[in-house]
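A.B. asks: First the structure, then my questions, so here it is.
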Amino acid sequence: MKALILAVACVVLGLTGCGPQSGGGAPATPSPGSSPITPSATPPPVRVLVFSRTAAFRHTAIPAAVAAIEQLGAEHDYLVDATEDAGVFTDANLGRYRAVVFLLTTGDVLDASQQAAFERYIRAGGGFAGVHSASDTEYGWAWYGQLVGAYFKRHPAVQPAVVRIEDPRHPSTAALPTNWNRTDEWYDFRTNPRGAVHVLATVDESTYSGGGMGADHPIAWCHAFDGGQSWYTAMGHAAESYADPGFLSHLEGGIESVAGIRGTC
């Protein structure tokens, strides 16, 4: 009778917790077939390969340039492996990297099998960043010339000039002034890459002596190429560039864009 009265009271008053109370039994267990939630695996770190082998002219800035990129990696949370060993250009090894930087390379630096591995890497979605004399590299490898965007032709003496930023939205130019005054070795190219690439910046030939490309002189650019991403800057000749905050932001943005860290072309 008491149980019936209690049940009626619960219904009328909307009380919860009515009914026989347990004496603190064991906690509930997952239903059969369920599994505990586990945290997702940590994604692998971003790795960038810096390649600075030379087979012709060798820039004295190479040690400073390598150290600068290693420092950028440490500051921006990606790993940097630097080498001049062309033997690292294999399918298995290149697959570890989001981007490969040709840093002040010159001449013929890869053999046929290494070239083929690098082509497969780009076609699989890899990134390429070329710095300064990366355009003075592998003249006999037409695919590479298209990847870079243009081959080096000549340059006048190192001197100050004004760089005009065309695309201030790209990570490699976003932190730069519209008219960027700097001293460098100003490359002319065998062909003007405009039309095949997205030009990020030009150098104004009216602000220095000895330029040979005329009013339209691209000096930094990017493009999607053969399945991958490419970024190139003709600047970065001297060691002083790799201690210059403006140039370092330019370099950092270029590497990050082709490594898929931020932005794209």
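A.B. asks: Name the one entry in I261, I255 that is of a type in the set (V, I, T), surrounded by 22 or more Cβ atoms within 10 Å (Cβ to Cβ) and under 15 Å from the mean Cα position of the chain (by Cα).
C.D. replies: Every option except I255 fails the conditions.
A.B. asks: Report, by residue number, each residue of region 229-256 that is on the phi < 0 side of the Ramachandran plot and touching a strand residue (DSSP E or B) at 6+ places or on another chain (Cβ under 6 Å).
C.D. replies: Q229, S230, W231, Y232, T233, A234, M235, H237, G254, I255
Residues are listed down the side, and each one gets a yes or a no for (1) at pLDDT 95 or above; (2) closer than 19 Å to V48 by Cα; (3) of a type in the set (D, E, K, R):
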position: F89; (1), (2), (3): yes, yes, no
position: V101; (1), (2), (3): yes, yes, no
position: D108; (1), (2), (3): yes, no, yes
position: G127; (1), (2), (3): yes, yes, no
position: W143; (1), (2), (3): yes, no, no
position: V148; (1), (2), (3): yes, yes, no
position: R154; (1), (2), (3): yes, no, yes
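A.B. asks: Another question about this same structure. Examine region 230-238 for a residue that is assigned to a strand (DSSP E or B), among the aromatic types (F, W, Y) and under 16 Å from I69 (Cβ atoms), and state whether such a residue exists.
C.D. replies: The answer is yes, given that some residue of region 230-238 is assigned to a strand (DSSP E or B), among the aromatic types (F, W, Y) and under 16 Å from I69 (Cβ atoms).
A.B. asks: Which of the residues that make up region 177-189 are assigned to a loop (DSSP other than H, G, I, E, B) and over 22 Å from the mean Cα position of the chain (by Cα)?
C.D. replies: T178, E185, W186, Y187
A.B. asks: Given the conditions (1) small (G, A, S); (2) more than 20 Å from T137 (Cβ to Cβ); (3) surrounded by fewer than 16 Cβ atoms within 10 Å (Cβ to Cβ), and given that G211 satisfies all but one, which numbered condition is not satisfied?
C.D. replies: Checking G211 against (1) small (G, A, S); (2) more than 20 Å from T137 (Cβ to Cβ); (3) surrounded by fewer than 16 Cβ atoms within 10 Å (Cβ to Cβ), the one that fails is (3).
A.B. asks: I'd like the residue in region 132-156 that is outside any loop (DSSP other than H, G, I, E, B) and farther than 22 Å from G211 by Cα and, out of all such residues, is nearest to the chain's Cα centre (by Cα).
C.D. replies: For region 132-156, the residue satisfying everything is L147.
A.B. asks: Consider G195 carefully, then state whether it is modelled with pLDDT of 95 or more, more than 27 Å from P245 (Cβ to Cβ), more than 25 Å from the chain's Cα centre (by Cα) and surrounded by fewer than 19 Cβ atoms within 10 Å (Cβ to Cβ).
C.D. replies: In short, no.
A.B. asks: Out of all the residues in region 68-89, which are surrounded by 14 or more Cβ atoms within 10 Å (Cβ to Cβ), small (G, A, S) and over 14 Å from the mean Cα position of the chain (by Cα)?
C.D. replies: Within region 68-89, A68, A82, A86 qualify.
Residues checked against (1) among the hydroxyl-bearing types (S, T, Y); (2) not in a loop (DSSP other than H, G, I, E, B):
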site: G130; (1), (2): no, yes
site: V163; (1), (2): no, yes
site: A175; (1), (2): no, no
site: T191; (1), (2): yes, no
site: G212; (1), (2): no, no
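The values are calculated or read from the model by the stated rules, or taken from the named source; none is laboratory data. Everything numeric in this text was worked out from a predicted model, so none of it was measured. Backbone-built Cβ (ideal geometry, glycine too); neighbour counts: all protein chains shown.
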